[in-house]
1. How large a share of the accessible area of the range A:1-68, in percent, is made up of carbon and sulfur atoms when the probe is 1.4 Å and the other protein chains stay in place?
2. Could you check the simple spin-label distance between B:ALA271 and A:THR10, using points 7 Å along Cα→Cβ, in nm with one decimal?
3. Using modelled amide H (1.01 Å from N, peptide plane; none on Pro or chain starts), what sits under 5 Å from the amide H of A:GLN145, excluding residues fewer than 5 places away?
4. Between B:ILE86 and B:GLU284, what's the calculated FRET efficiency when r is the beta-carbon distance and R0 is 25 Å? Round to 0.05.
5. Shape call for the range B:50-109 from the C-alpha gyration tensor, a ≥ b ≥ c root eigenvalues: rounded (a/c under 1.5), prolate (a/b greater than b/c) or oblate?
6. Would chain B count as rounded, prolate or oblate if I go by the C-alpha gyration tensor, calling it rounded below 1.5 in a/c and otherwise prolate when a/b exceeds b/c, oblate otherwise?
7. For B:THR211 and B:ILE5, compute 0.36 nm times the residue count separating them, minus their Cα-Cα distance, and round to one decimal in nm.
8. Consider just the alpha-carbon atoms of the protein assembly as shown and return their Rg together with their Dmax, both in angstrom.
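The values are calculated or read from the model by the stated rules, or taken from the named source; none is laboratory data. Please read all numbers here as calculations on a predicted model, not as lab measurements. Virtual Cβ from ideal backbone geometry, glycine too; neighbours counted across all protein chains shown. Note: accessible area is taken over every heavy atom of the protein model, side chains too, but ligands, DNA and RNA are not part of it. Shrake-Rupley method; radii C 1.70, N 1.55, O 1.52, S 1.80 Å.
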Amino acid sequence: MLEVRKISKTFLPGTVNEKKALDRVSFSAHDGEFITVIGSNGAGKSTLFGAIAGSFPVDSGKIMLDGDDITRMPEYNRSRFFGRLFQDPMAGTAPGLTIEENLSLVLLQGRKGASAFSRIGRGDREMFREKLAELGMGLEDRLKQPVGLLSGGQRQALTLLLATLYPPKLLMLDEHTAALDPESASRIMKLTESIVRDSGITCIMITHNMQQAVDTGDRTFIMSGGRIIADISGEERRNMGVAELTELFRRSAGGDYANDRMLLAEEL
Amino acid sequence: MERIIRTALELGFGYAPVALALFLSFRVLDIADLATDGCFVLGAAVSVRMAAAGHPVLGMLLAIPAGMLVGIVSAELQTRLGIPSILAGIIVNTALYSVNLMVMGWRSNVNLIKEDSVFTLFKKVFHSPWSDLVMLAVFPLFIALFLRAFMSTRLGLSVRATGDNPVMVRASSIDTSAMIRTGLLMSSAMTALSGAAIGQYQKTVDINSGTGVVVIALACLIIGETVLGRRSVGKGIAGAVIGSIIYRFIYAFVFYTQLVPVQCLKLLTSAIVAAAIAIPHLREERASAAVTDVEEEEDA
Ligand SMILES: Nc1ncnc2c1ncn2[C@@H]1O[C@H](COP(=O)(O)OP(=O)(O)O)[C@@H](O)[C@H]1O
Ligand SMILES: [Mg+2]
C-alpha cells in the first residue's frame, strides 16, 4: 500500500520562476488498485510521480510504502519498488544495447543472489522469447538487434515488459501512449491493461484522454494547481461517462482552464 | 623489413590497451578521459622505477592499482563534486605531472641500463627475436577477452547502459555514479598497464612520453571502427586492437618513406580524429537541413 501524506514541492524557490508544483498532496492507493489521473498541463501530475520515485527530494510530507518511510531513500534504491513509463518511448530503454541485453540488465539486476559478474542463461533467453511473443510484435525474433532500431510503439511495449519483468509494487504511467500513433497507442493500452490485471500490480496512470480515464481502472483523480481536487471512485465513477468527467473537470478546475488544450481536444 | 614489421606490431600491441581503454571510456561511457596521457606516464613511471630498483614484475603489477586510483579520482571529481568530465580529466592530468615526477624520483626521465625488465626476463626463457612481441601481445589480448566477457555481465551491462541512457539505468535501481567509477577505474588501469609495458619495453620513461597518447588512441579506435564497423561490442573491442596495429603500420610507413615529415604525424593524427568525429555530426546536420528545405518548399 502506498501512502502519500501532505507532500509539497516548490521548484526554483526564491526566484521569479518559483513554482509550487505540489501543494500538500495526500492520498493512499490500496494494493491492486488502478488509478487514472487527469489534469491540465502544469497541474503537477508528472511532479507527483517524480516525488514518489525520488527523482528530487520533496520539501515536506511523507511517502510510505507498505508501512516503510521511503521519503529520503535515494532514487536508485527505491526504484526497485517502482516501474515507470514516460511519454517519450526513448526514455525507458538503452538504445545501444540489444533487446536481449536490455532484458538481461533488468533481469540480472533484480535476481536474488546474482553477483556483479552474473550472466543470463539459456532458460532466461527462452523466457525472454515467450514474454516478447506475448507482446505480439514479432520482437521475439529480434533479440540480438539494438533497441535503437525499434519503432516508438515497439520500444514502449518493451519498456512495459522491462518495467513489469519483476512485478513492481507500483507502476507509474505518465501519458505513456501520448507520443504514439493511434494504432500503437491502443495496442499499448491493451497490453497495459492485461499485464496490470494479470499480475495484480498497483498502477497509477496519467492520461490526457478522458475516455481512457473513465474506461480504465477503478479510481480517477483530477489534479489542478498542485493538488488533487477530485477523487472519484465506486458508484459515482461507474455512472460517469466522458461528458460528466469533462464537466466535473471544467467545474473543479475553474474558468481559467476553459481554454486548455486538453479540453479543446476533448470537445473536437 | 622484418624488423620494421615486428616493431610496428610491437608498438601496435603495446599501445592497444589505451585504445581499449578509450573504447570503454569514450565509446561505452561517453566520457572523453583527458587524464589518459598522464595516466599512461604514471604506469610507465611506476613500472620503470620499480624495474630500475630490481623489481620489474612488481612494477608491472603495481601500475594497475596506480591506474585504478587515477580512475577513481577522475570519477569522484565528476560524480561527487560535479566537475564536468573534460575539466576533471584536465585537472587530474595536470596533477599527474607532479605525481609522475615524484614517482620518478623528481627526475624528468628514468632509464634501465643493465637492470632486467620483464622483457629481458622473458627472453631468457623464450629465445627468439619475437619474444618482445609475444610479451606485448599478451596484455591487449587478455584485456580484450576479459572486456568481451565483462560486457554481458550484470555489471558490464550496467556500465554500458549508463553511457547509453542514464535515466533508464537509475530507474533500474543502479547507481550511475558507481558505474562511471567502475568504468573509469577499469579504463585507467588498462592505460597504466599499457604505459608500464611500453616503459619497460623501451627501457625508459620520460615525463613527456604521454603527450598525445589519448588522441592517438582515439585515432586507433576510429581506424578500427572504419575497418570493422561499430555495430557490436565484439567488433568495437577487436577494432580497438586492430586499429592500434594499423596505426603503427601507417606510422612506420610514413617514417621510412618520409612521405610527410614524421614530426607532422601528430598534426595529421589530430586532423584525422577531428574529421572522423565531425563527419557523422555534419552528415546529421545536412540531413536535418534537407528536411527543413523540404518543409520550406512545401510551405511555399
Ligand atoms: N524540474 C523543474 N524545474 C522547474 N519547474 C518545474 C520542474 N518540473 C516541473 N516544473 C513546473 O512545475 C509545474 C508542474 O509540472 P508537471 O508536474 O510536469 O505538470 P504536468 O501536470 O503537466 O505533468 C509546471 O509549472 C512546471 O513548469
Ligand atoms: Mg506531465
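1. 49 percent
2. Once both label points are built, they end up 5.9 nm from each other.
3. A:ILE99, A:GLU100
4. 0.70
5. oblate
6. Since a/c reaches 1.5 and a/b is larger than b/c, the shape of chain B is classed as prolate.
7. Net length gain for the segment: 71.7 nm.
8. 28.7, 94
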